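Here is the structure we will look at, set down as structure tokens.
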Amino acid sequence: MPNKLATYHAKRNFRITSEPRGQAQRAQDELRFVVQRHDASKLHYDFRLELDGTLKSWAIPKGPSMNPADKRLAVQVEDHPISYADFEGIIPAHQYGAGKVEIWDSGIWEARGDAAQGYRDGKLKFHLYGDKLHGSWTLVRTRMAGGGNKQQWLLIKERDEAARSDSGIDEEADKPVGKLLKHAPSKPATLQGITITHPERVIDPASGLTKLDLAHYYDAVAPYLLPYLKNRPVYLLRSPGGLTGKAFFQRHAIRAAIPEIAILDPSVDPEHQPLLVINSAKALVSAAQMGTIELHTCNARADCMDKPDCMVFDLDPDPKLKWQRVVDGARLLREFLNELGLDSFVKTSGSKGLHVVVPLARRHTWETVTRCSEAVARHLAETFPRKFGIKMGEQNRVCKIYIDHLRNQKMASTVAPYSVRARQGLSVSTPLSWDELDDVTNSAMWNIQSLPARLKALKKDPWEAYGNTRQTISKAMLRKLDMKDAAP
DNA sequence: GCCCTTG
DNA sequence: CAAGGGCAACGCTTT
DNA sequence: AAAGCG
Ligand SMILES: [Mn+2]
Ligand SMILES: [Mn+2]
């Protein structure tokens, strides 16, 4: 007969530890169990059941729970000799399981059904008759193999029919009522061939707008939005739990892939996981399914990440500032850019301010564009010191507009045209024509509900010319900006 | 939302 | 099995 | 140096 305790013996030096050497016994009629509190490197409880001449053993990190709602992880460890059931003491330092062992409970156990069969099948039902533990229990083997290839089981207290019945009522009351009362999840919907789970989930309690509303929005604006996403790394602000849940930013592909979203060649950004690109309506809907609310884009496209194709000015007003002042500020910026010889496009940020975007030919370095944008912002702040500031921070823009030119750094990004904002009302960053700016009353004027109607009503795309506008930064411009040392 | 790790 | 963590990055400003 | 912010 192979030695059932071989592993147990191999792990221990019995000249040093006071644990029993023991040996496998003949199977008994009455079977013992023991629970030992083991204060080893990590405190845990060792749960042992006599079976077939040895103690089958599990380490239970949190110990057994009398609550039937709890399932306690039980990592199976090597069989121990039956005499171990009486062991208490200190396992010396540097020995296997070094630390204090005390008997926390012991008694006899009785399998319900065939014990050996249940053990082999990974479903062992039994009664315990101890001082602390009694009643019926189950040990179930899970599918997962734990670390070190140890089998993982769950120890679960079963509800007892008769004895614990006066307390049975309390137990009923303890049951996970909350779980049962949660409203039934809505049936998944399908859009663009993408399954939208929890379509009726309200993601913005203020407006009552749902996850399906969001997905529908991105589907509807796809023809307008996709040109600004095409072949451009996109960063996602995801908040699967809606506006009240916690959001996270995603820049790279992660293990949980988003179906239909493309990944760029790793050479674009060799240090990290591949960057993401959205090139289809399907991918937009898929992003919404995965809890994406905002889309942020880079100022460069994947095929030439060293040469930005636009310059962005993010106008962040002091929240107390009248909207008209923000509009005036954007116009001043536009006029100055115009004097330099640059056309620009304006959109709401969907939050408090406006974004002014200057499309560029891809011939300038990041350094040129970064410095040029800073020079433009600085010029305005120096010319209109009461209107503009370029110093970051709340206290530095009191009654002013902060011109955030830092959007033009290589690693920066800006919320994309037509992106939803993760704010009350689910507003949208809305491209505008300069002519209609006077009719706009605030940055969050359009949201996912109203924007499709705006698009339908428009005679033409306010940014129609954007795609054909490829401007260069000339020497003359740099001279006007006092950047004599810079190369275009 | 989903994967992976942890108890 | 259930619960919890991770899912970005940088420059700027203030402490 | 580190924390907070956009
Ligand atoms: Mn142990
Ligand atoms: Mn802004």
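The values are calculated or read from the model by the stated rules, or taken from the named source; none is laboratory data. Keep in mind that this is a model prediction, so the values were computed, not measured. Backbone-built Cβ (ideal geometry, glycine too); neighbour counts: all protein chains shown. These accessible areas exclude ligands, DNA and RNA; they are computed on the full protein's heavy atoms, side chains included. Shrake-Rupley method; radii C 1.70, N 1.55, O 1.52, S 1.80 Å.
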Is at least one residue of the range A:193-210 outside the structural domain of A:Ala444 (by TED's automatic domain parsing), at pLDDT below 50 and open to solvent by less than 80 Å² (accessible area, probe 1.4 Å)? no
Among the residues of the range A:319-328, how many are modelled with pLDDT of 95 or more and either within 12 Å of DNA strand D (Cβ to nearest atom) or β-branched (Val, Ile, Thr) (or both)? 2
Taking the range A:99-121 on its own, how many of its residues are within 24 Å of A:His38 (Cβ to Cβ) and open to solvent by less than 90 Å² (accessible area, probe 1.4 Å)? 11
Hey, does the range A:270-278 have a residue that's part of a strand (DSSP E or B), within 19 Å of A:Arg232 (Cβ to Cβ), open to solvent by 20 Å² or more (accessible area, probe 1.4 Å) and among the aliphatic types (A, V, I, L, M)? no
Number of the exception - A:Ala40 against (1) out of contact with any Gly (no Cβ under 6 Å at 6 or more places or on another chain); (2) surrounded by fewer than 17 Cβ atoms within 10 Å (Cβ to Cβ); (3) of a type in the set (A, V, I, L, M, F, W, C): (1)
Can you name the residue in the range A:397-411 that is out of contact with any Pro (no Cβ under 9 Å at 6 or more places or on another chain) and not in a loop (DSSP other than H, G, I, E, B) and, of all such residues, is nearest to DNA strand C (Cβ to nearest atom)? A:Leu406
Considering the range A:285-313, residues that are of a type in the set (Asp, Glu) and either over 27 Å from the mean Cα position of the chain (by Cα) or farther than 16 Å from A:Arg421 by Cα (or both), and then whichever is nearest to ligand 2 (Cβ to nearest atom), we arrive at A:Asp309
Answer yes or no: is there a residue in the range A:290-299 that is assigned by TED's automatic domain parsing to the domain that holds A:Gln250 and either modelled with pLDDT under 95 or of a type in the set (Asp, Glu) (or both). yes
For the range A:471-488, how many residues are in contact with a strand residue (DSSP E or B) (Cβ under 9 Å, 6 or more places away or on another chain) and either loosely packed, with under 12 Cβ neighbours inside 10 Å or farther than 18 Å from A:Pro308 by Cβ (or both)? 0
Which of the residues that make up the range A:221-247 are part of a strand (DSSP E or B), within 14 Å of the chain's Cα centre (by Cα) and hydrophobic (A, V, I, L, M, F, W, C)? A:Leu236, A:Leu237
Looking for something open to solvent by less than 10 Å² (accessible area, probe 1.4 Å), closer than 19 Å to A:Met483 by Cα and touching a helix residue (DSSP H, G or I) at 6+ places or on another chain (Cβ under 7 Å) - is there at least one such residue anywhere in the range A:327-335? yes
Pairing a residue in the range A:345-356 that is assigned to a strand (DSSP E or B) with any residue that is within 16 Å of ligand 1 (Cβ to nearest atom) and hydroxyl-bearing (Ser, Thr, Tyr), where Cβ atoms lie under 7 Å and the two sit 6 or more apart in sequence or on different chains, gives none
Could you check the range A:359-417 and list, in sequence order, the residues that are modelled with pLDDT of 95 or more and of a type in the set (S, T, N, Q)? A:Thr365, A:Thr368, A:Thr370, A:Ser373, A:Thr383, A:Asn408, A:Gln409, A:Ser413, A:Thr414
Among the listed residues A:Asn447, A:Asn442, identify the single one that is surrounded by 18 or more Cβ atoms within 10 Å (Cβ to Cβ) and in the same structural domain as A:Leu337 (by TED's automatic domain parsing). A:Asn447
